[in-house]
1. Rounded to whole Hz and in sequence order, give me ³J(HN,Hα) for region 180-197 from the Karplus expression 6.51 cos²θ - 1.76 cosθ + 1.60, θ = phi - 60°, writing x for Gly and Pro.
2. Tally Lys and Arg at +1 and Asp and Glu at -1 over the other residues with C-beta under 13 Å from the C-beta of Glu103: what net charge comes out?
3. When ranked by the protection proxy of mean other Cβ atoms within 10 Å per residue, highest first, what sequence do the peptides 222-234, 113-125 form?
4. How many percent of Cα pairs in the chain exceed 27 Å?
5. Report in % the part of the accessible area of the chain that belongs to carbon and sulfur, leaving out ligands and nucleic acids; probe 1.4 Å.
6. Under the Karplus relation 6.51 cos²θ - 1.76 cosθ + 1.60, θ = phi - 60°, what is the ordered set of whole-Hz ³J(HN,Hα) values for region 151-167, x standing for Gly and Pro?
7. Is it possible to state the helix-based mean residue ellipticity at 222 nm for the chain, with each DSSP H run of 4+ residues giving -39500 (n - 2.57), the sum divided by total residues, to the nearest 500 deg cm²/dmol? What is it?
8. If amide H atoms are built 1.01 Å from N in the plane of the peptide, which residues on other chains or at least 5 residues away come under 5 Å of the amide H of Gly119?
Amino acid sequence: RVGLDAQFTYVSSAVEPVLGYDPEELTGKPFYEFVTAPAGSTALSAHGDLLHGEERERLELEFVDDGGEGVVLAADATLVTEDGEVVGIQGVGRDVTARKEQEHELRIKNRAMDEAELGISIADPHEPEEPLVYVNKGFERITGYDADEAIGGNCRFLQGPATDPESAARFREAIENRESTTVELVNYRRDGTPFWNRVQLNPVFHESGELGHFLGFQSDVTERRRTEKLIQLLN
């Protein structure tokens with residue numbers, strides 16, 4: 001709890017395993033001394049909002065523990081009244097540091113996937129036709145299809161007259177057997193231009209062993225195939 005002057009008036013014993021402080025170390029001191037500068041501004045603003053009758057829930061504040069490390073707490077706060085008069089604010093905080101770190105790591109991974117030169121796609125094996133649920137910019141560049149056009153469709157839309165049926169069948173077999181496979185086959189860009197596509201397909205399983213998604217990697221290997229054909233002709 002904090003009073004109208006933003007000083008701690010009560011701190012439960014649960015603070016010690018989370019932040020490392022004895023409750024008595026915090027009592028009587030301003031709460032903004034134990035948070036980062038950005039969190040302090042956010043907390044003071046929320047403090048004022050609450051005193052003016054505005055609700056603040058799931059407020060995430062980065063505290064600084066007794067070792068100088070950041071700990072993110074998600075707080076829900078309510079007014080404390082005595083005889084109908086507001087005397088302070090009471091908050092309950094949950095340590096969400098691990099979740100925030102996971103979210104940060106996920107954002108980095110997502111950005112790396114989005115910006116990769118290699119085409120990356122994710123398909124949902126639990127829906128009919130295994131539709132694409134994600135494609136990166138590399139996929140858009142290689143195939144000429146925007147994400148909005150590709151998502152929801154099966155990768156077969158890249159196939160055409162010159163696509164080898166046996167190579168395409170290897171994909172179907174790998175999907176049915178939930179196995180990895182790598183195939184090079186002729187695909188077609190959005191403008192109808194054929195190109196050699198090296199596609200690597202990998203199943204992604206949950207910790208429970210249940211199949212989650214199929215992850216695909218696409219590489220335009222047209223120039224390499226042309227070079228190999230030229231070498232064969234020269235030989």
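1. 8, 7, 10, 9, 10, 8, 7, 10, 10, 6, 4, 7, x, 6, x, 8, 7, 10
2. Net charge around Glu103: +2.
3. 113-125, 222-234
4. Looking at the chain, the distances longer than 27 Å represent 56 percent of pairs.
5. C and S atoms contribute 49 percent here.
6. Rounded to whole hertz, the list is 5, x, x, 8, 4, 5, 5, 7, 7, x, x, 8, 6, 5, x, 5, 5.
7. Numbers: 8 runs with 80 residues, N = 235.
Value at 222 nm, helices only, nearest 500: -10000 deg cm²/dmol.
8. Long-range HN contacts for Gly119: Gln218.
The values are calculated or read from the model by the stated rules, or taken from the named source; none is laboratory data. Just so it is clear, the structure is predicted and the values come from calculations on it, not from any experiment. Methodologically, a virtual Cβ is constructed for each residue, glycine included, from the backbone with ideal geometry; neighbour enumeration extends over all protein chains shown. The protein model used for the area step is the full one, side chains on, heavy atoms only, and it has no ligands, DNA or RNA in it. Shrake-Rupley method; radii C 1.70, N 1.55, O 1.52, S 1.80 Å.
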